[in-house]
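Novice: Below are the structure tokens for one structure; questions will follow.
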Amino acid sequence: MNEHLLTPTSASKSNLRTLDFVVIFMLGVLLRLPFVPATGDDAFITFRYVRNLISGQGYVFNSGEHVLGTTTPFYTLYLALIGKSGLDYILVGKLTNIVADTASVVLLFIVVFRASNRIVAWAVALLVLSSPYNLQFSTNGMETGIYTFMILFVLYLYEQRQWKSMVLAGGILVLVRPDGLLALLVIALFWLIDGQELRAGVKYAFLTSLVMLPWFIFATWYFGSPIPHSITAKALTYRSSVHMEWLYTLWYIFAQRGGTVTGGSLLIVALLGTGGTAVLSRQALRPLRLYLVWMILYIATFTFVQSGRFGWYYAPIMPILFTLVVLGGAEWFEQTRRFTAMTRIMQSNLRYVLAGTLFLAIIVTSGISIYSSWQEAYNEVAYEKNIWQPLGLCIRENSSSDATVALESIGGVGWYSERYIWDEGGLVSTKTYTLNQEMPGNINVRAILQTYRPDFYIAWKPWELETLNTPEAQAWFKANYVLVNKYTVDETTWTLFQLRSSKKVKKNLVTDCNGT
């Protein structure tokens, strides 16, 4: 793809890129810092593992239970090391993800710049910097920012033929999140396509496995398996009953940038198709094929396994999607240059007006995305302040240390309550997972309550209580549990119940735990 609005000379390209890197990095960090106060519920699951590691209880969520309920051992151990040194590991973890996520934009800028030009690269950078899912999930305490960067970095190292660095980064990638293995499979595929030496490929694959081997040995000894139990639990409990729902959700998320009307969606489809075709057909864009194939494999895998529609699963592919959209737009623009009128515009000062208009549209779109993301993030702040924290502290201050709590969204309440958690989703509880096997795709609330009789039960969705839909079940629940209070933010309500026969709860709990 040729330069059409601005063509820097070969002598100035290096300086331009250096300045661009600095501007992109500073802009990315500044855009993400306001989101730091918002912490996702699932991030607290990892934080509780970290706290227990630091306190000497081991790599556990519930004391004494060796269940690998987090899929990010590298991030967990990194935070434990930070915490052990006396630093605020939650804050450091968020800042690390901010830096990593912003670095991924810089890296993508380099790749796109080399394959096309500065204008296209900047358009991609602005869209990714303001991508709602990357803004939110690079700052909410999870490992998403690090994972996104490591994906792009490993693929970049392959393109640059930096094999030794790729081996180390590839091993770390899988330890950041196990689905990082998909990137390694794509690299293996391109290794064969590019005609690389097979013996060397086997050697590097072996060396990559050596990077992961210490963790695999430890996890097998400590947990019984290197495969996180949370993966198995999500595949059972959160498996979608609707075919292709993960893909439909992705489309709903991404098409919002084109508008909710049919025209906007069709425009995005056309741009994605054009961009993808350009990557596959234009030799100059060949370096982007690796990223395109990874994205397709990633989407196909999550769609096929009918994984839960968690937002952090969508964030890593957003940079590639936006790249295709921009490349599609650039391709269309290239085609318009065949018209005499456009040729005249490009030869006059009007080309600067056209370029300014296009970037103004991108900036306005980005601004709207940032504002809407900020609003959503501060709803998360409200959940912590008005639900998770007061609810968890109420339980902790009004129950003995051996009291138990059953709920589905375990992160925030588990963090603040510091009590044993019966995880209804089964991510950190193998026993509840076993009960949920009786109802694939659902939570077996009744069996969990009747079998383990937790001292507290928290229902945060109406459907949880609706699962007790028989007169017998409803009578049992009413006879055994009493409503304590409700905690509400917007349209979301969490309801706290107490086991009537519990000896581990203060009798005046109803008056001590006031919901908001």
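Novice: Just need a number here: residues in the range 3-52 that are of a type in the set (S, T, N, Q) and modelled with pLDDT of 95 or more.
Specialist: Looking only at the range 3-52, we keep the residues that are of a type in the set (S, T, N, Q), and these are 7, 9-10, 12, 14-15, 18, 39, 46, 52.
Those left that are additionally modelled with pLDDT of 95 or more: 46, 52.
Qualifying residue count for the region: 2.
Novice: Still on this structure: Residue check: is L189 at pLDDT below 95 and out of contact with any His (no Cβ under 6 Å at 6 or more places or on another chain)? Working first, answer last.
Specialist: Details: at pLDDT below 95: no; out of contact with any His (no Cβ under 6 Å at 6 or more places or on another chain): yes.
Criteria not met by L189.
Novice: Just to be sure, is V67 outside the structural domain of T430 (by TED's automatic domain parsing), in contact with a Ser or Thr (Cβ under 9 Å, 6 or more places away or on another chain) and not in a helix (DSSP H, G or I)? Break it down stepwise before answering.
Specialist: Values: outside the structural domain of T430 (by TED's automatic domain parsing): yes; in contact with a Ser or Thr (Cβ under 9 Å, 6 or more places away or on another chain): yes; not in a helix (DSSP H, G or I): yes.
Answer is yes for this residue.
Novice: Please identify the pairs in which a residue from the range 212-226 that is aromatic (F, W, Y) has its Cβ atom under 6 Å from the Cβ atom of a residue that is not in a helix (DSSP H, G or I), counting only partners at least 6 apart or on another chain.
Specialist: F216/P226; Y222/H66; F223/H66; F223/L68
Novice: Still on this structure: Looking at M150, M142, which one is within 23 Å of F216 (Cβ to Cβ) and not in a loop (DSSP other than H, G, I, E, B)?
Specialist: Only one candidate passes the filter, namely M150.
Novice: Of all residues in the range 449-483, which are touching a helix residue (DSSP H, G or I) at 6+ places or on another chain (Cβ under 6 Å) and either over 22 Å from N398 (Cβ atoms) or without any contact (Cβ under 8 Å) to a residue 40 or more places away in the chain (or both)?
Specialist: Once the filter is applied, which keeps residues that are touching a helix residue (DSSP H, G or I) at 6+ places or on another chain (Cβ under 6 Å) and either over 22 Å from N398 (Cβ atoms) or without any contact (Cβ under 8 Å) to a residue 40 or more places away in the chain (or both), the range 449-483 yields E464, T467, L468, A473.
Novice: Can you spot a residue in the range 427-444 that is out of contact with any strand residue (DSSP E or B) (no Cβ under 9 Å at 6 or more places or on another chain), of a type in the set (D, E) and part of a helix (DSSP H, G or I)?
Specialist: no
Novice: Got a sec? Which of V67, V50, V60 is within 27 Å of P226 (Cβ to Cβ), in contact with a His (Cβ under 7 Å, 6 or more places away or on another chain) and without any contact (Cβ under 8 Å) to a residue 60 or more places away in the chain?
Specialist: Sole residue among the options that is within 27 Å of P226 (Cβ to Cβ), in contact with a His (Cβ under 7 Å, 6 or more places away or on another chain) and without any contact (Cβ under 8 Å) to a residue 60 or more places away in the chain: V60.
Novice: On the given criteria, is I98 under 18 Å from the mean Cα position of the chain (by Cα) and β-branched (V, I, T)?
Specialist: Values: under 18 Å from the mean Cα position of the chain (by Cα): yes; β-branched (V, I, T): yes.
The answer is yes for I98.
Novice: Of the residues R118, R114, which is buried (at least 19 other Cβ atoms within 10 Å of the Cβ), charged (D, E, K, R) and at pLDDT below 95? Reasoning before the result, please.
Specialist: Numbers: R114 fails: buried (at least 19 other Cβ atoms within 10 Å of the Cβ).
Just a single option satisfies the conditions, and that option is R118.
Novice: Mind listing whichever residues of the range 159-168 are surrounded by fewer than 23 Cβ atoms within 10 Å (Cβ to Cβ) and either assigned to a helix (DSSP H, G or I) or not charged (D, E, K, R) (or both)?
Specialist: Within the range 159-168, E159, Q160, Q162, W163, K164, S165, V167, L168 meet the criteria.
Novice: Criterion first (exposed (fewer than 15 other Cβ atoms within 10 Å of the Cβ), of a type outside the set (D, E), over 21 Å from T71 (Cβ atoms) and within 27 Å of the chain's Cα centre (by Cα)) does Q375 satisfy it?
Specialist: Criteria met by Q375.
Novice: Does E472 satisfy the criteria of being acidic (D, E), surrounded by 13 or more Cβ atoms within 10 Å (Cβ to Cβ) and either at positive phi or part of a helix (DSSP H, G or I) (or both)?
Specialist: no
Novice: Within the range 50-64, can you find the residues that are in contact with a helix residue (DSSP H, G or I) (Cβ under 8 Å, 6 or more places away or on another chain), over 15 Å from G86 (Cα atoms) and either among the β-branched types (V, I, T) or surrounded by fewer than 17 Cβ atoms within 10 Å (Cβ to Cβ) (or both)?
Specialist: G58, V60, S63
Novice: Can we say T404 is among the hydroxyl-bearing types (S, T, Y), closer than 30 Å to H243 by Cβ and either surrounded by fewer than 22 Cβ atoms within 10 Å (Cβ to Cβ) or touching a helix residue (DSSP H, G or I) at 6+ places or on another chain (Cβ under 6 Å) (or both)?
Specialist: Judged against the criteria, T404 is not a match.
The values are calculated or read from the model by the stated rules, or taken from the named source; none is laboratory data. Quick caveat: nothing in here was measured; it's all calculated off a predicted structure. Glycine gets a Cβ as well: all are built from the backbone with ideal geometry, and neighbour counts include every protein chain shown.
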